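The structure appears right after this line, and notes come after that.
The values are calculated or read from the model by the stated rules, or taken from the named source; none is laboratory data. Computed from a prediction, not measured in an experiment: that's the story for all the values here. Every residue, glycine as well, gets a Cβ built from its backbone with ideal geometry; the counts of neighbours run over all protein chains shown.
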């Protein structure tokens, strides 16, 4: 079934990919990854001596810090809370505050990134050390790409002043705030972050078993599956899944010996996170599509890494 | 201390408890070879599950769920609030902080469509119910998310919406038991909400080619690959959550996990129905 996507891509086509390594000179490893308009920067510092309190000292420890686009998670919340404080003062609606303070996705992203990267790094090589990975969202996809920090500050202060000036403080102001807050969360952030973090780990020279290649698949209400959705397409979807596969293997051994339970190694899933309701068959269909795309992504990664390593050897 | 035997392990010379502490993975692997676990469960069986409804008398709905030793208490308190402009005839569910901080968030309770939010509406555009769900963990022994989800679902099935009426200022107040004759109640009697497509979950641990259903805390700490599958009563996949882990999940492993979850959904549905019918008899 041919599906028309707004930007003219086919169902299984990814947005243009671009990545580069070794961008930050003070970090031990760094990489940037962009898919279409979504751009993420990852930096690796480590291994440093000592592990965190509750971590196993016999293994290396990985910690992840997610920095959202507006710089600090607190910033945006504080400004929204100011707006809400007026709402509370005027209308006594205490309940609305809770809507905003709950469910920040950053903590979830950090946890998923940490677990995924722990499973691809060889943790026994450098025991009792900590490697820190910092992921900075540089650009989100969709209508909010113009909103960099100063512009966003102006918008929020304008909204606050609206609240003070207008009486009663209109609920429409709050709805606009809520809409803005949702726009800032692009769902393709997590796969881009995983890909960027992987490249950064290679750049830093951390020993790994294999690379992780991440992809986002969406299931539409009518049942078709598309890959790598943009922000606008995501709103029409009923469910989406983040899938992380190991990269494809090029080996001199005959293909039969590399299979596990009759499937090639790269078919296994490292991580899978789903949102929304889909049928079990839809999920398996997503897996198939995701695997096909991960082969293309692995080839892209391999080419990029080989290219840059030959460049640096020329310089040296 | 005797010499290690021909196969190189000290199992015949060391006491069982010491071996369990010193070499936990090998201890488990010896059991898995015989397709059994140290607590004598077969690999695909979950621990004994019980639900007690109405554990908290002062809450509008509550339930205590136990899977093995893991115990979770869920309580729901209802408050009246003004609905948002975008959805004037829908109520809302609020998850208080502990409920929101599970790795796999309980916000899937909202997205799973279990509750039709229109049932939580009182006066369209002016008043609607806000249900605050709070979950307390009384004992943690593995499979925390499963128990939390089960207790939340049971609390919602026990929930009774209180009777309210409009007072002279146009505000909603709780009616007293006797009912004042000059106030018309907005909703006639305490009623329960309809639950459709209730989500149930099962956590499995993958280790080499074994799949262990419903792990204890000890199993979760030794084997780090955890897969949580949430299915609803119409067999739709609400969530398949596998955050990393050393073992890669192939299609066959995922199909086995989903099949185990389907069985578990039937068991849990029966247990929940028995608990509800037990309450109604009283």
(request) Just name the residue that is nearest to the other protein chains (Cβ to nearest Cβ) out of those in region A:273-288 that are more than 12 Å from residue A:242 (Cα to Cα) and part of a helix (DSSP H, G or I). (result) A:280
(message) For the structure I just gave you, tell me whether residue B:154 is at pLDDT 85 or above, more than 14 Å from chain A (Cβ to nearest Cβ) and within 13 Å of the chain's Cα centre (by Cα).
(response) yes
(message) So, residue A:202, is that one away from chain B (no Cβ under 14 Å), closer than 29 Å to residue A:134 by Cα and either assigned to a strand (DSSP E or B) or within 22 Å of the chain's Cα centre (by Cα) (or both) or not?
(response) yes
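Per-residue answers, yes or no, for (1) touching a helix residue (DSSP H, G or I) at 6+ places or on another chain (Cβ under 8 Å); (2) assigned to a helix (DSSP H, G or I); (3) at pLDDT 80 or above:
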position: A:2; (1), (2), (3): no, no, no
position: A:10; (1), (2), (3): no, no, yes
position: A:33; (1), (2), (3): yes, no, yes
position: A:41; (1), (2), (3): yes, no, yes
position: A:55; (1), (2), (3): no, no, yes
position: A:63; (1), (2), (3): yes, no, yes
position: A:71; (1), (2), (3): yes, no, no
(request) Sort through B:221, B:234 and tell me the only one that's more than 9 Å from chain A (Cβ to nearest Cβ), out of contact with any helix residue (DSSP H, G or I) (no Cβ under 7 Å at 6 or more places or on another chain) and farther than 26 Å from residue B:66 by Cβ. (result) B:234
(message) Which numbered condition in (1) touching a helix residue (DSSP H, G or I) at 6+ places or on another chain (Cβ under 8 Å); (2) away from chain A (no Cβ under 11 Å); (3) at pLDDT below 75 is the only one that residue B:123 fails?
(response) (1)
(request) From B:201, B:234, grab the single residue that is in a loop (DSSP other than H, G, I, E, B), in contact (Cβ under 8 Å) with a residue 24 or more places away in the chain and closer than 20 Å to residue A:277 by Cα. (result) B:234
(message) If I filter region A:108-127 down to residues being in a helix (DSSP H, G or I) and more than 18 Å from residue A:199 (Cβ to Cβ), which single residue comes out as farthest from the other protein chains (Cβ to nearest Cβ)?
(response) A:110
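To keep it simple, each residue is scored yes or no on (1) assigned to a helix (DSSP H, G or I); (2) within 11 Å of another protein chain (Cβ to nearest Cβ); (3) closer than 23 Å to residue A:285 by Cβ.
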site: B:227; (1), (2), (3): no, yes, yes
site: B:239; (1), (2), (3): no, yes, yes
site: B:246; (1), (2), (3): no, yes, no
site: B:255; (1), (2), (3): yes, yes, yes
site: B:266; (1), (2), (3): yes, no, no
site: B:270; (1), (2), (3): yes, no, no
(request) Report whether or not residue A:193 is under 22 Å from residue B:236 (Cβ atoms) and in contact with a helix residue (DSSP H, G or I) (Cβ under 8 Å, 6 or more places away or on another chain). (result) no
